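Novice: The structure under discussion is supplied below as structure tokens; questions concerning it will follow.
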Amino acid sequence: MPELPEVEVVRSGLASMVVGTTIRKVGVHHERATRRNVGDLAVQLDGAVIESVCRRGKYMWLELDRPFVLMVHLGMSGQIRINDSPSGHPHVRVDWTVTRAGEPPRYFEFLDQRTFGGMQICDRDQDGLPVAVSRIARDPFDPLFDVDAFAEMLTKRSIEVKKGLLDQHLISGIGNIYADECLWRVGLDGRTPCNHLDRSTAVEIVTTVTGVMSEALVAGGTSFDALYVNVNGESGYFSRSLAVYGREGHPCDRCGDPIIRSKFMNRSSFHCSTCQPPWSLP
């Protein structure tokens, strides 16, 4: 699943191309792409002006000149492309024309090979946020993210530290890849209980994960296959810089011992048992 850097790469690219444009001729080509929506998406969006493209954590939406927003879920294989002409790609699930005065029309296409993603009209809460993200915590790139408040909340939890990093109600945007990379850099076993961390370690964790994701943003995100690309169809290359994630059996960049893969919540974790010694009771 795309994490904060991958979604931000798409968001920023999309914003540079569609803000100020008007949506016309919406086509829905696969019913699963709008399965969460209530009503006819084509009718609801026709004539709407895109005012901004926003993100909180892994969640992205289009702000429109309407009482609602359009949530865009990339899922596991969702892509957004902006083209000068229709691509005719077999995995286009939703498309529309974007127009701006004095410019030729362009074509917005939402591709999704596995059809786990989609689009959904969403109402706003009393603070103006989409209801779908109103309970999602701020991410570390949010100017209002409070490092001290996060550290205090994290150190009061009894859950494992990796689970804490993936809890989108504590801190948003972090997924399996960047949690593993962060914990390796900090030298911490992901199974360590959060309430055994001191405040300085909790602050170091959030500072480190922010640094990892900043590097990934510069590299265009992490691509393991052709399914994650930006709006120009280009892959990110941060996968070349990963220290542990997906590197089972490879030598650790610090100590040379092999990277270990272990099961974690129906997925995988990667770590170095030497640089991240197993947590144990004092």
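Read the figures in this text as sums done on the coordinates, not as results from a lab. The structure presented is a predicted model; accordingly, all values stated were derived computationally and were not measured. When we count neighbours, we look across all protein chains shown, and the Cβ atoms used for this are built from the backbone with ideal geometry, even at glycine.
Novice: So how tilted is helix 199-218 from the main axis of the chain? Cα-based, degrees 0 to 90, rounded to 10.
Specialist: With both axes taken from Cα atoms, the answer is about 40 degrees.
Novice: Sticking with this structure for a sec: Of [x] 21.1, 77; [y] 17.4, 51; [z] 20.3, 69, which one was derived for Rg and Dmax of the Cα atoms in Å from the structure shown?
Specialist: Checked against the structure: label [z].
Novice: Now a separate question. Which of the trypsin sites (Lys or Arg not before Pro) found in segment 66-127 are loop residues per DSSP with 13 or fewer other Cβ atoms within 10 Å of their Cβ? If you can, show how the numbers build up before the last one.
Specialist: Values: sites: Arg81, Arg93, Arg100, Arg106, Arg114, Arg124; in loops: Arg100, Arg114.
When the trypsin sites (Lys or Arg not before Pro) of segment 66-127 are filtered for loop state and at most 13 Cβ neighbours within 10 Å, Arg114 remain.
Novice: Given 0.36 nm per residue, what is the gain on full extension from Arg100 to Ser268 after removing their alpha carbon distance, in nm?
Specialist: Numbers: separation 168, 0.36 × 168 = 60.48 nm, distance 4.57 nm.
Extra length from Arg100 to Ser268 when fully extended: 55.9 nm.
Novice: Within the chain, what's the longest stretch lacking GluC sites (Glu not before Pro) that sit in DSSP loops with no more than 14 other Cβ atoms inside 10 Å? Walk me through the numbers before you get to the answer.
Specialist: Values: sites that count: Glu234, Glu248.
Of all site-free stretches, the longest is 1-233.
Novice: Something else now. Roughly what % of Cα-Cα distances in segment 4-133 sit above 20 Å, to the whole percent? Walk me through the intermediate numbers first.
Specialist: Numbers: 3295 of 8385 pairs.
Counting every Cα pair in segment 4-133, those more than 20 Å apart make up 39 percent.
Novice: Now a separate question. Compute the distance in nm between two label points, each set 7 Å from the Cα along the Cα-to-Cβ direction, one at Glu51 and one at Asp142.
Specialist: Using points 7 Å along Cα→Cβ, the separation is 2.0 nm.
Novice: Also: Using the beta-carbon distance between Asp40 and Glu215 and R0 = 45 Å, what value does 1/(1 + (r/R0)^6) give for FRET efficiency, to the nearest 0.05?
Specialist: Working: r = 42 Å, r/R0 = 0.94.
Step by step, r from the Cβ atoms, then E = 0.60.
Novice: Now for a different question. With a Förster radius of 41 Å, plug the Cβ-Cβ distance of Ser16 and Glu152 into 1/(1 + (r/R0)^6) and report the FRET value to the nearest 0.05. Intermediate values should be presented prior to the final figure.
Specialist: Values: r = 37 Å, r/R0 = 0.91.
Rounded to the nearest 0.05, the efficiency is 0.65.
Novice: On to the next question. Taking R0 as 51 Å, what's the FRET efficiency between Arg199 and Phe116 from their Cβ-Cβ distance, rounded to 0.05? Let's see the in-between values first.
Specialist: Values: r = 38 Å, r/R0 = 0.75.
Between Arg199 and Phe116 the formula returns 0.85.
Novice: Cross-link partners among aspartates and glutamates for Lys163, C-alpha distance below 18 Å, same-chain residues fewer than 8 apart left out?
Specialist: Partners within reach: Glu3, Asp139, Glu152, Asp180, Glu181, Asp189, Asp198, Glu204.
Novice: Aspartates and glutamates near Lys25 by alpha-carbon distance under 16 Å, same-chain residues fewer than 8 away left out - which ones?
Specialist: Excluding near neighbours in sequence, the set is Asp40, Asp46, Asp84, Asp95, Glu109.
Novice: With only alpha-carbon pairs counted, each pair once and no self-pairs, how large is the Kirkwood hydrodynamic radius of segment 99-157 in angstroms? Spell out each step's value before the answer.
Specialist: Numbers: mean 1/r = 0.0627 Å⁻¹.
The answer is 15.9 Å.
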